[in-house]
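*Asks:* This is the structure, below, for whatever I ask next.
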Amino acid sequence: MERRQIEYFLAVIDQGSITAAAAALHVSQPSLSHAIKLLESDLGAELFHRMPRGVRLTPAGEAFAGQARLIVREMETGRAVVKAVSGLVAGRLDLIALPGVLLDPLAAVIGQFRSRHPQVRVRVTSAERPEEVREAVRSGAVELGLTDRLDPTERDLAGELVTEQDLVLALPPGSTPPPGGVVRVPDLLDLEMVTGVRDMVVDMLAGAGVDSAAAFTPAVETELRGSSLYLVLAGAGAAVLPRTLAELGRAGGVVIVPFDPPQSRHSYVLRRAAPLSPAAQALHGLLRRGNDRSCGTV
């Protein structure tokens with residue numbers, strides 16, 4: 001079993017057909033097909049059902065797919081470790097993040113990381129749900145995930161707090177701020193709300209002692225977290241947003257109102273309980289140092 005064969009196998013899965021995989025990898029279709037057949041011979045099972053249009057994983061292929069990604073990930077980590085011995089941090093770093101966490105703190109940290117390690121290519125995937133972040137990290141598709149929710153029952157993943165985001169209410173352009181310039185959490189029930197994360201608002205209401213928190217129904221609900229600000233700008237309703245994200249709408253007329261008492265959301269970095277590549281270690285360290293500064297420690 002060779003790394004090239006495994007990479008070809010994963011490319012066929014990702015591209016949906018042998019023809020598309022060959023084009024993406026810039027190899028001939030016969031060469032790729034031959035490599036897949038050698039891999040199947042080595043494993044003693046067919047990995048794909050060859051269909052008139054494309055391919056479909058066999059049960060054996062489905063069983064091997066997750067392990068194949070971990071194999072490639074571990075080989076990349078091993079290669080990076082060897083390079084790091086000579087003081088070189090190189091290769092590629094794969095990350096996944098929820099939209100709000102991508103903006104703060106991940107964007108700034110990636111900027112710092114790239115200035116220190118310009119030879120490392122960084123690939124960031126966006127996720128809409130914490131479950132997507134956990135699965136991507138667990139499967140080895142990425143090394144680090146940024147999320148706003150941890151599952152305490154996880155045993156093969158480790159999570160650490162990296163920042164605490166200040167939450168505000170973003171009102172459409174032209175809105176009149178509430179009396180006193182602040183808003184109470186129970187007042188959200190009286191507003192036309194836009195939510196990309198309904199559970200966050202429900203948790204806030206429950207924490208404020210609102211008995212009907214679970215019955216909260218937004219005027220507009222979207223599964224695309226990053227779209228809430230655009231909906232506020234369009235006048236669709238108000239939204240609870242991290243202050244960093246809400247500030248992007250100020251130039252467009254978005255009215256930003258703080259909560260009384262203040263509300264916040266935690267952000268965490270998630271990783272597998274396994275050694276990280278040198279590149280992932282470096283970025284992980286920057287995230288942790290950012291948390292130290294936000295907590296007032298050195």
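The values are calculated or read from the model by the stated rules, or taken from the named source; none is laboratory data. Since we're looking at a predicted model, the values are computed, not measured. As a convention, Cβ positions derive from the backbone with ideal geometry for all residues, glycine included, and neighbour counts pool all protein chains shown.
*Asks:* Which residues, taken from region 98-131, are under 15 Å from residue 147 (Cβ atoms) and either among the small types (Gly, Ala, Ser) or not in a helix (DSSP H, G or I) (or both)?
*Replies:* Of everything in region 98-131, those that are under 15 Å from residue 147 (Cβ atoms) and either among the small types (Gly, Ala, Ser) or not in a helix (DSSP H, G or I) (or both) turn out to be 98, 100, 124, 125, 126, 127, 128, 129.
*Asks:* Moving on to the next point. Suppose we filter 157, 188, 161, 150 for residues that are among the aliphatic types (A, V, I, L, M) and crowded, with 20+ Cβ neighbours inside 10 Å; which single one remains? Can you show your working first?
*Replies:* Working: 157 fails: crowded, with 20+ Cβ neighbours inside 10 Å; 161 fails: crowded, with 20+ Cβ neighbours inside 10 Å; 150 fails: crowded, with 20+ Cβ neighbours inside 10 Å.
None of the other options fit; the residue is 188.
*Asks:* Does residue 201 satisfy being modelled with pLDDT of 95 or more, assigned to a helix (DSSP H, G or I) and either of a type in the set (A, V, I, L, M, F, W, C) or within 23 Å of the chain's Cα centre (by Cα) (or both)? Working first, answer last.
*Replies:* On the way: modelled with pLDDT of 95 or more: no; assigned to a helix (DSSP H, G or I): yes; either of a type in the set (A, V, I, L, M, F, W, C) or within 23 Å of the chain's Cα centre (by Cα) (or both): yes.
In short, no.
*Asks:* Test residue 226 against the stated conditions and say whether it is surrounded by 14 or more Cβ atoms within 10 Å (Cβ to Cβ) and assigned to a helix (DSSP H, G or I).
*Replies:* yes
*Asks:* Return a yes/no flag: does region 74-87 have any residue that is out of contact with any Asp or Glu (no Cβ under 6 Å at 6 or more places or on another chain) and either assigned to a loop (DSSP other than H, G, I, E, B) or modelled with pLDDT of 90 or more (or both). Spell out how you get there, then give the answer.
*Replies:* Residues of region 74-87 that are out of contact with any Asp or Glu (no Cβ under 6 Å at 6 or more places or on another chain), as a first pass: 74-87.
If we keep only those that are either assigned to a loop (DSSP other than H, G, I, E, B) or modelled with pLDDT of 90 or more (or both) as well, we get 86-87.
Within region 74-87, one or more residues are out of contact with any Asp or Glu (no Cβ under 6 Å at 6 or more places or on another chain) and either assigned to a loop (DSSP other than H, G, I, E, B) or modelled with pLDDT of 90 or more (or both).
*Asks:* Follow-up. Scan region 1-60 for residues that are out of contact with any Pro (no Cβ under 9 Å at 6 or more places or on another chain), among the hydrophobic types (A, V, I, L, M, F, W, C) and assigned to a helix (DSSP H, G or I) and report the count.
*Replies:* 19
*Asks:* Look through 170, 158 and report the one residue that is over 30 Å from residue 278 (Cβ atoms) and assigned to a strand (DSSP E or B). Steps first, please.
*Replies:* Working: 158 fails: over 30 Å from residue 278 (Cβ atoms).
Within the list 170, 158, the selection yields 170.
*Asks:* Criterion first (touching a residue at least 40 places away in the same chain (Cβ under 8 Å) and over 30 Å from residue 78 (Cα atoms)) does residue 187 satisfy it? Show your work before the answer.
*Replies:* Details: touching a residue at least 40 places away in the same chain (Cβ under 8 Å): no; over 30 Å from residue 78 (Cα atoms): yes.
In short, no.
*Asks:* I've got another one for you. Among the candidates 97, 11, 35, 45, which residue alone is hydrophobic (A, V, I, L, M, F, W, C), outside the structural domain of residue 244 (by TED's automatic domain parsing) and closer than 30 Å to residue 243 by Cβ?
*Replies:* Values: 11 fails: closer than 30 Å to residue 243 by Cβ; 35 fails: closer than 30 Å to residue 243 by Cβ; 45 fails: closer than 30 Å to residue 243 by Cβ.
Being hydrophobic (A, V, I, L, M, F, W, C), outside the structural domain of residue 244 (by TED's automatic domain parsing) and closer than 30 Å to residue 243 by Cβ holds for just one of 97, 11, 35, 45, which is 97.
*Asks:* Find all pairs meeting these conditions: Cβ atoms under 7 angstrom apart; at least six residues apart or on different chains; first residue within region 58-75 and under 15 Å from residue 1 (Cα atoms); second residue modelled with pLDDT of 85 or more and among the β-branched types (Val, Ile, Thr).
*Replies:* 65/13; 68/6; 71/6; 72/6
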